[in-house]
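**Q** Have a look at the structure that comes next, please.
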């Protein structure tokens, strides 16, 4: 096991260096001089330009710049935003809870509906329920989620007036950001209606972000269940006279869960990509919207740092999933 | 049923061609056949759109801005699906827009697949150190969420449909590399490859003539699936203002332009998205059918 962990870690390090190199290189390739961009329309004097160039280290050879950046990254220094002048690291972690809250809710939504849907479809294989559920799943899987968001807004916010269109909570309520998770903070504040308001703001983004994972989980659960249901030990259980509910629920589902958990773990990247669209549409103040805004504002340190942090996060999650998989399934360790 | 039986009987007599056998399995999946028909209509519109569309896609009917579809009060037959905020005919824009999505799919899949297959073949036959380097590079690309990477790439290259296609192709390529490499590695173990080598086939011949044809099935399925991913991603980039630029009637860009009118005029938002959904759905249905027909392991399950 230790050997497996070490070999996985050994591939992690070069990938990490590569990811740093890429996010560093991207910014150097962006059109326009960052200092001129930062100066904006006012322009900049020759002396000030040289001074700033020295301050940011742009006058030094590119490999020295990369080395400085890389050692900075290892110490948690990702530079400061051009726009807000705050450290990228701080900005990322003050916005991250919003994205995390949304992603966790979307994942709960996807798993809570996707698992039962997959099981029901597998058990009723070929029958009406199976067809209906799997057709719906395929539609969900093909959904352009930015359009799905707009449709939900038309119906639930426009026609029915049930849900707000943007933000995380009504402006009426104000309380300190203790945890950064609006649902928890709103309860902790003890204000009437704050929690309901937060929940209503969360509803549509959760559905939008959870739709594709939901479809993927339902499809994956169905195929994993079908595979397991064909195994000998299921036939044995049936021969022993075990009830079909117990067979499906305990014997089959438990073994079918392994590939499903992998899919759940690996969809973190998909969630973050979806968060870019979802947060932009619902003005959700999280990482996705922050990245898009920074790209449009040409806030290079933020784009660079955000890209790096997101990639590292995806890598860490994938690594964890791999390790967990190695623990659950010893066969995978030997390769 | 009769049809299926006679087809089967025919297959017993004549040794079926590959295409024939493929069609036999593909036809069994009704969803896939429906998908194929929708895709055929989509391809037809993409090729002949401007001649079919009732109006010019960029012509502005100033007297009829935000006119609703024909079945609603105030709709007219001259604009069946209504008009957008600038008075342009929705139906015409949708029809002409088909070619952008189709074009995106074709170009992205061609670039990503050909690049990915070549790199994957090299990686599968290369010495271990080169293989490791190539796979690490692919890991690095895959570590970034695809849409984010495409977004940053487009920001570097400048927002346009061409650059969006390049960015999406780069992002999708690692999947082909991994897929090709995996099948190459498993095929290389087989006896027919060894015998080809013994007979004296060079590495290049082994790669392209001997091994590659036997690796194609999963790649074709992947091509169908990434065709739909490409259309979705291009529309998403257009929606974020980083893809095709207005007034191009690209479906994602149309959605972005219509966003502020969603509560006043549902049709400007509903139809472009529906067009994307139906197209992507049709391609995914086809992809499922392709997988069933091409993958012998899944054939009878």
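**Q** So in the range A:249-271, with the set limited to residues that are at the interface with another protein chain (Cβ under 10 Å from one of its Cβ atoms) and touching a helix residue (DSSP H, G or I) at 6+ places or on another chain (Cβ under 6 Å), which one is farthest from residue B:148 (Cα to Cα)?
**A** Ranking the candidates gives A:268 first.
**Q** While we're looking at this one, here's another question. Can you say whether residue A:241 is part of a loop (DSSP other than H, G, I, E, B), more than 14 Å from every other protein chain (Cβ to nearest Cβ) and either buried (at least 17 other Cβ atoms within 10 Å of the Cβ) or out of contact with any helix residue (DSSP H, G or I) (no Cβ under 8 Å at 6 or more places or on another chain) (or both), as far as the supplied structure shows?
**A** Judged against the criteria, residue A:241 is a match.
**Q** Within the range A:257-280, track down each residue that is over 10 Å from the mean Cα position of the chain (by Cα) and crowded, with 24+ Cβ neighbours inside 10 Å.
**A** Correct list: A:277, A:278, A:279.
**Q** Would you say residue B:115 is under 20 Å from the mean Cα position of the chain (by Cα) and farther than 21 Å from residue B:251 by Cβ?
**A** yes
**Q** Is it the case that residue A:68 is part of a loop (DSSP other than H, G, I, E, B) and within 30 Å of the chain's Cα centre (by Cα)?
**A** It is false that residue A:68 is part of a loop (DSSP other than H, G, I, E, B) and within 30 Å of the chain's Cα centre (by Cα).
**Q** Among the numbered criteria (1) assigned to a helix (DSSP H, G or I); (2) crowded, with 16+ Cβ neighbours inside 10 Å; (3) in contact (Cβ under 8 Å) with a residue 40 or more places away in the chain; (4) more than 14 Å from chain B (Cβ to nearest Cβ), which one does residue A:78 miss?
**A** (1)
**Q** Also, quick follow-up: Which of the following residues is within 29 Å of the chain's Cα centre (by Cα), free of Cβ contacts under 8 Å to residues at least 40 places away in the same chain and surrounded by fewer than 20 Cβ atoms within 10 Å (Cβ to Cβ): A:246, A:254?
**A** Being within 29 Å of the chain's Cα centre (by Cα), free of Cβ contacts under 8 Å to residues at least 40 places away in the same chain and surrounded by fewer than 20 Cβ atoms within 10 Å (Cβ to Cβ) holds for just one of A:246, A:254, which is A:254.
**Q** Within the range A:302-325, identify whether any single residue is surrounded by fewer than 24 Cβ atoms within 10 Å (Cβ to Cβ) and on the phi > 0 side of the Ramachandran plot, and answer yes or no.
**A** no
**Q** Look through B:110, B:146, B:101, B:114 and report the one residue that is more than 22 Å from residue B:187 (Cα to Cα) and out of contact with any helix residue (DSSP H, G or I) (no Cβ under 8 Å at 6 or more places or on another chain).
**A** Only one candidate qualifies: B:110.
**Q** While we're here: Please count how many residues of the range A:169-181 are within 20 Å of the chain's Cα centre (by Cα) and at pLDDT below 75.
**A** Residues meeting the conditions: 2.
**Q** May I pose another question? For the range B:137-145, does any single residue satisfy the condition of being part of a helix (DSSP H, G or I), in contact (Cβ under 8 Å) with a residue 12 or more places away in the chain and more than 13 Å from residue A:22 (Cα to Cα)?
**A** No, the range B:137-145 contains no residue that is part of a helix (DSSP H, G or I), in contact (Cβ under 8 Å) with a residue 12 or more places away in the chain and more than 13 Å from residue A:22 (Cα to Cα).
**Q** So, one more: For the range A:107-119, state whether one or more residues are within 14 Å of chain B (Cβ to nearest Cβ) and in contact (Cβ under 8 Å) with a residue 24 or more places away in the chain.
**A** So far as the range A:107-119 goes, no, none of its residues is within 14 Å of chain B (Cβ to nearest Cβ) and in contact (Cβ under 8 Å) with a residue 24 or more places away in the chain.
**Q** Still on this structure, I have one more. Tally the residues that are in contact (Cβ under 8 Å) with a residue 40 or more places away in the chain, within 9 Å of chain B (Cβ to nearest Cβ) and more than 21 Å from the chain's Cα centre (by Cα), restricting the search to the range A:140-164.
**A** 2
**Q** Further, regarding this structure: Out of A:203, A:229, I need the residue that is touching a residue at least 60 places away in the same chain (Cβ under 8 Å) and either surrounded by fewer than 20 Cβ atoms within 10 Å (Cβ to Cβ) or within 14 Å of another protein chain (Cβ to nearest Cβ) (or both). Which one?
**A** Unique residue meeting the criteria: A:229.
**Q** Taking the condition over 15 Å from residue B:89 (Cα atoms) and surrounded by 13 or more Cβ atoms within 10 Å (Cβ to Cβ), does residue B:61 pass?
**A** When the stated conditions are applied, residue B:61 does not pass them.
**Q** Out of the range B:54-71, which residues are in contact (Cβ under 8 Å) with a residue 24 or more places away in the chain and part of a loop (DSSP other than H, G, I, E, B)?
**A** Result: B:54, B:55, B:56, B:57, B:58, B:59, B:60, B:61, B:66, B:68, B:69.
**Q** Can you name the helices (runs of 4 or more DSSP H) wholly within the range B:197-301 that have at least 3 residues being without any contact (Cβ under 8 Å) to a residue 12 or more places away in the chain and more than 10 Å from chain A (Cβ to nearest Cβ)?
**A** Qualifying helices (runs of 4 or more DSSP H): none found.
The values are calculated or read from the model by the stated rules, or taken from the named source; none is laboratory data. The shown structure was predicted, so the numbers you read here are calculated from the model rather than taken from an experiment. With ideal geometry, Cβ positions are generated from the backbone for all residues, glycine too; neighbour counts draw on all protein chains shown.
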